[in-house]
Amino acid sequence: MELTKKAMFSYLVTEKSLLTCRYLAIIAAIAAPISTAVTSALCIAMLIAWLMSGQVWQSLKISAAQPAGKMLLLFFVWLIISSLYADTAWVDKLVTLSSWKKLFYTFVLLGLFNHTQWKTRFVNYYLAVMSFAAVIAVPLWLLDIEVRPGLNRGFGIFMTNYSSQSLAFVAAALCCIFLLKESLSLQKKYLLAGMLILFLFNIFFISQSRSGYLACPVAVFFAFTTLYKYKKIPQILGITAVALLLIVLTSSTLQQRIKLGWEEMTNIQTSENMTSIGVRVIFAQNTLELIQQKPLLGYGTSSFKSIYSSHVAAKYHNWRGDPVSDPHNQYLFVWLENGLIGLLIFLAYIYTAVRQGLSQQPYGAIGASVLVAIAAASLFNSNFKTFPEGHLLAFFVGCLLARPSANKAEEVYTSRLTLLQNSHNENRQDCQ
């Protein structure tokens, strides 16, 4: 009897801890593009609940058994190996390694969200909050209201920045696209269609984020190709192109951003001031020059800032020679620090995760589409490492791509708990 009580107490602690951990993960995903402080606190609380569950080893085994989990482990190993030959202080190495912690959250969540009901909750809660956020953004934009004047966020932008807000709505739009294909009532489909239009309006008419302008069409094309298969690619491509052209012709915000980008592009060599496009081109040119010197192994984890800064300081005497810690291109960053080997492992992770997601409709496919969106935007930003986008991506991929354990570890554990609960109930009946 005493043994059964202890077992039941352990069972309750485990269940409550895992329940708390999963809910905290969902809330953290929602908070990621909105507040860095809240997200940080939620991540810490989530890890504490995970540790208290007593299921750390079991969940990690479930994560490691999945294709995406295996590639993450391989990438982690290479990051550590690369840090050993980097000519930097150990403090810098640890800081850079910790900047990749978003992928660690993905790995953890792959072992915790292997039930469809939790994926359903994740998507439903995310859509509910983002719909409310998208509605709020419209009157703020129409009335030219800046939520935090002085931060240059733009009218209607109230999240961390216009890039994080735009990509948050891209993720929400992808949720709508895949759910519209499900067997739902006509009323729910109308609601989802309205939400989709609202998200797209925010992305292309309110937000100034060129990352969103790129990520959304790429991800939407990928999503429709996934839903309607490759035979319809010409039709999907044509419809996407026509829709994008209409948006370009009607959105003054998008037109202004394209015009500004073109001006920055044409004045790269003569501009006396740093510009968004210009600085990215300079970053790319100099990063590629450095990569040519050590293409295979790179300079080691944490080396970018010191290597790049010394290179440009000797080459320029204006803003082009300023020290930076990131080239605003995730792939060039990985290639310079971790070499071609690290880049190939990183790309293999993306490919493997996308394949794993596509095998699970609709939620895994949603996660895969969000990954494709962020991967496209990462050509011009290091979104896997930036706080809002990196955390948003980590939770979407970890929660929605998770699949049941191949070795049935969780089923065995659940069966054991069920037996304990039945035994406890029988003992209570005997006492009565």
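The values are calculated or read from the model by the stated rules, or taken from the named source; none is laboratory data. Values in this document were obtained by computation on a predicted structure and should not be read as measured data. Please note: Cβ atoms are built from the backbone with ideal geometry, for glycine as well, and neighbour counts cover all protein chains shown.
Here are a few things to note about the model shown:
- Here A173 fits the description: under 21 Å from the mean Cα position of the chain (by Cα), modelled with pLDDT of 95 or more and within 30 Å of M265 (Cβ to Cβ).
- Residue pairs meeting the criteria (Cβ under 8 Å; at least 6 apart or on separate chains; first closer than 15 Å to V370 by Cβ, in the range 24-41; second hydrophobic (A, V, I, L, M, F, W, C) and surrounded by fewer than 19 Cβ atoms within 10 Å (Cβ to Cβ)): I30/V129; A32/F387
- Residue in the range 358-372 that is among the polar types (S, T, N, Q), touching a residue at least 24 places away in the same chain (Cβ under 8 Å), in contact with a Pro (Cβ under 9 Å, 6 or more places away or on another chain) and surrounded by fewer than 24 Cβ atoms within 10 Å (Cβ to Cβ) present: no
- Matching residues in the range 284-323 - criterion: being surrounded by fewer than 21 Cβ atoms within 10 Å (Cβ to Cβ) and aromatic (F, W, Y): Y316, W319
- Summed over the range 268-292, residues that are among the polar types (S, T, N, Q) and either touching a residue at least 60 places away in the same chain (Cβ under 8 Å) or in a helix (DSSP H, G or I) (or both) total 5.
- Helices (runs of 4 or more DSSP H) contained entirely in the range 1-120, each with at least 2 residues that are hydrophobic (A, V, I, L, M, F, W, C) and surrounded by fewer than 17 Cβ atoms within 10 Å (Cβ to Cβ): 2-31, 36-52, 56-64, 67-84, 90-99
- For the range 309-335, taking the residues that are of a type in the set (S, T, Y) and either modelled with pLDDT of 95 or more or out of contact with any helix residue (DSSP H, G or I) (no Cβ under 8 Å at 6 or more places or on another chain) (or both), the one that is farthest from L84 (Cα to Cα) is identified as Y316.
Residues are listed down the side, and each one gets a yes or a no for (1) in contact with a Cys (Cβ under 8 Å, 6 or more places away or on another chain); (2) closer than 16 Å to L392 by Cα; (3) part of a helix (DSSP H, G or I):
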| position | (1), (2), (3) |
| --- | --- |
| F122 | yes, yes, yes |
| Y125 | no, yes, yes |
| F132 | no, no, yes |
| A137 | no, no, yes |
| L140 | no, no, yes |
| E146 | no, no, no |
| I157 | no, no, no |
| Q165 | no, yes, yes |
| F169 | no, yes, yes |
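- Yes/no for G357 being part of a helix (DSSP H, G or I) and closer than 25 Å to I307 by Cβ: no
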